[in-house]
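Student: What follows is a single structure, and I will ask about it in a moment.
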Amino acid sequence: MIPASYKIRDLEIAPAAVLAPMAGVTDTLFRRVIRGLGGCGLLMTEFTSSEGITRSAKKTLRYLYFQEDEHPITAQLFGANPEVMAEAPKWWKTSATDAVDIKSRCPAKKVVKCGGSGLLRDIPLLTDIFKSVRRCRKNPSYHEDSRRLG
């Protein structure tokens, strides 16, 4: 049976369903349509490159755009450099996302070479990424649960 809600730290997700981040699909219009249908408690941005965020690349920053009625919303980050990964949440402090999700299970070739499931081959690196992102996030609430690491 699916629970009516669940919590990630102090963030209540109700209903207990998460919209998966899909490249080229989960933009603000799509997320708002899904939220309007009422079946999704947590929305996620498209997965976003930490390198692009720290360079303020316009195309990358566009993936993080959202409207106030999309809360709660999680920004999903990918990358393989702990220092760069830690810089991206500093930018998110001003963006007011509710949580950060570290993409660590994506098998796509272009993601694996700079993060994604490639991180699972190097658990110490993945641990360093989690620690550095958490340390730099003002209100850390990324989801560490193995069922939703990315």
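All of the numbers you see were taken from the coordinates with simple rules; none came from a lab. Just so we're clear, the structure is a prediction, and the values are computed from it rather than from any experiment. Neighbour counts are summed over all protein chains in view; Cβ atoms, including those assigned to glycine, are modelled from backbone coordinates with ideal geometry.
Student: Going highest first, how would you order 54-65, 73-84 by mean Cβ packing within 10 Å?
Tutor: 73-84, 54-65
Student: Find the relative contact order for segment 7-76 and round it to a whole percent, using C-alpha pairs within less than 8 Å whose residues are 6+ positions apart.
Tutor: Once divided by the residue count of segment 7-76, the mean separation gives 36 percent.
Student: In straight Cα distance, which aspartates and glutamates are under 18 Å from Lys103, not counting same-chain residues fewer than 8 positions off?
Tutor: Asp27, Glu46, Glu51, Glu83, Glu87, Asp122, Asp128, Glu144, Asp145
Student: Please arrange Ile34, Ile53 by how many other C-beta atoms lie within 10 Å of their C-beta, fewest to most.
Tutor: Fewest-to-most Cβ neighbours within 10 Å comes out as Ile34, Ile53.
Student: I've got another one for you. Going through the cross-link list Lys7/Lys59; Lys7/Lys131; Lys7/Lys113; Lys59/Lys109; Lys59/Lys113, which pairs have a Cα-Cα distance over 30 Å in this structure?
Tutor: Too far apart for the 30 Å limit: Lys7/Lys59; Lys7/Lys113.
Student: Sticking with this one: Take every DSSP beta bridge with both residues inside the chain and express the antiparallel ones as a percent of the total, to the nearest 5.
Tutor: 25 percent
Student: How would you rank 6-16, 40-50, highest first, on the average number of other Cβ atoms within 10 Å across their residues?
Tutor: Packing proxy ranking, top to bottom: 40-50, 6-16.
Student: While we're looking at this one, here's another question. Which whole-number percentage describes the relative contact order of the chain, with Cα contacts under 8 Å and a sequence gap of 6 or more?
Tutor: 20 percent
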